[in-house]
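The values are calculated or read from the model by the stated rules, or taken from the named source; none is laboratory data. Predicted, not measured: the structure shown is a model, and the values here were computed from it. Here the Cβ positions follow ideal geometry from the backbone for every residue, glycine too, while neighbour counts run over all protein chains shown. Just so you know, the surface numbers come from the protein's heavy atoms only, side chains and all, with ligands and any DNA or RNA stripped out. Shrake-Rupley method; radii C 1.70, N 1.55, O 1.52, S 1.80 Å.
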Amino acid sequence: MLGYLPLCADNGRELTSVAFMCKKDQCTAGQIPGTTPAIPGMFPAMFPLATGQPFGALPVMPVQAMTQQATRHARRVYVGGLPPTANEQSVATFFSQVMAAIGGNTAGPGDAVVNVYINHEKKFAFVEMRSVEEASNAMALDGIIFEGAPVKVRRPSDYNPSLAATLGPSQPNPNLNLAAVGLTPGSAGGLEGPDRIFVGGLPYYFTEAQVRELLESFGPLRGFDLVKDRETGNSKGYAFCVYQDLSVTDIACAALNGIKMGDKTLTVRRANQGTNQPKPEQESVLLHAQQQIALQKLMLQPGAVSTKVLCLTQVVSPEELINDEDYEDIMEDMRGEGEKFGTLVNVVIPRPGPNDAAPGVGKVFLEYADIDSATKARAGLNGRKFGGNQVVAVFYPENKFAQGEYDD
């Protein structure tokens, strides 16, 4: 019977284990037939003892073994969210096949994966690749479906981005064929390394397109990920990105950090390091970028971002909504006005509660079938007189409207 127990690692610490290849009852674990018994706690292949060599006189560690040890932190990949059925063999086979399918194998023919350690209790694995470049290519596999479940692919906690940058590429090859395994290029892939940017304090109603537009004021993105709640799909208010041109990283951080967006203040910095100041030669670029951001800021204020929902204020008073007949008349009037601009899906007019504390009282919400109709309605209704009052019409976040949150 042949077997293989991989060399294991856990949270960056080596776990002593043994390799064995033997026929039943002919050798013991850790001993290869015809070789000197292994020294406890050491690997025979790493410290071979020549015939007649005194015990305890250890030779110098081979250069290849030293290189493997020094690069291990950059060759390992953290894989989280594994299903209970996963084992070392299935994980190794899967990632070797996937790496071959996307063209991520750069160390020659054969399997990209040389080692796997699984923590079954916490449902994660460390997958060791043959080379630093292949480990970086594996970063593009974040979110890939393994045995019916999406898994997280990240760098391990002992990953040293500064040191790794001297060992090989720290970003996935942009020409990987991710479509071959059902992934979309430019989503979460490419979000590792020292130039990864953390963007916090984002208003929850910002869409991916709006956040990307803001960030791309400085240039195209290599990778972007707006973090969302897994159950609701709503934004958690922060994102990560990496620019194609890494020289603009500090410029973007300096220009965006501290900007007010509605009731939020952006926190923008390198994800893996402290805040860096732009170099003197970057000041003119920074000034231009800040001017662009000022314009973006105006466009992204609450009510300025186009949505399918329109919020009208200064239309009705709480007192006018108490009587049922008056309420129905107002509802019909607003529906009639709203339908002039496009297909009206819904009209919501919050009414006072028993204690007059119901959220959104005094507002009228018009939900349209498309943004174009809502835009026409805003242009047509904003500033108009209704019952002697001058109407104020602004766009309203669709997710808040859908959840019945009317007090923004």
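Give me the Å³ per residue figure for the convex hull around the C-alpha atoms of the stretch 112-251.
Taking the convex hull of the Cα positions in the stretch 112-251, it is 139 Å³ per residue.
To the nearest 10 square angstrom, what accessible area does residue 198 show with a 1.4 Å probe?
40
Using 0.36 nm times the number of residues separating residue 158 and residue 69, minus their current alpha carbon distance, what extension gain do you get? Don't skip to the answer; put the middle values down first.
Details: separation 89, 0.36 × 89 = 32.04 nm, distance 1.29 nm.
The span from residue 158 to residue 69 would gain 30.7 nm if fully extended.
How do 247, 170 rank by accessible surface area computed with a 1.4 Å probe, from largest to smallest?
The residues order as 247, 170, largest area first.
How would 123, 264 line up by accessible area, probe 1.4 Å, largest first?
Accessible-area ranking of 123, 264, largest first: 123, 264.
Give the accessible area for residue 306 in Å² (nearest 10); use a 1.4 Å probe, count only protein heavy atoms, and leave out ligands, DNA and RNA.
60
Can you compute the FRET efficiency between residue 313 and residue 97 using 1/(1 + (r/R0)^6), with r the Cβ-Cβ distance and R0 = 41 Å? Round to the nearest 0.05.
FRET efficiency, residue 313 to residue 97: 0.10.
What is the P(r) of the stretch 72-173, as percent of Cα-Cα pairs per 5 Å bin from 0?
All Cα pairs, binned at 5 Å, distribute as 2, 15, 27, 27, 18, 9, 2, 0 percent.
How big is D for the stretch 197-273, in µm² s⁻¹ as a whole number, if Stokes-Einstein is applied with the Kirkwood radius of its Cα pairs at 25 °C and 0.890 mPa s?
Taking Rh from Cα pairs, D becomes 196 µm²/s.
For the stretch 331-408, rounded, prolate or oblate, judged on the Cα gyration tensor with a ≥ b ≥ c (square roots of eigenvalues), a/c < 1.5 rounded, else prolate if a/b > b/c?
Here the stretch 331-408 falls in the oblate category.
Along the Cα→Cβ direction, 7 angstrom out, place labels at residue 335 and residue 403. What is the inter-label distance in nm?
Label-label distance for residue 335 and residue 403, simple model: 2.9 nm.
Using the Cβ atoms and a cut-off under 13 Å, what net charge is assigned to the surroundings of residue 220, where Lys and Arg are +1 and Asp and Glu are -1?
Once all neighbours under 13 Å are counted, the net charge is -1.
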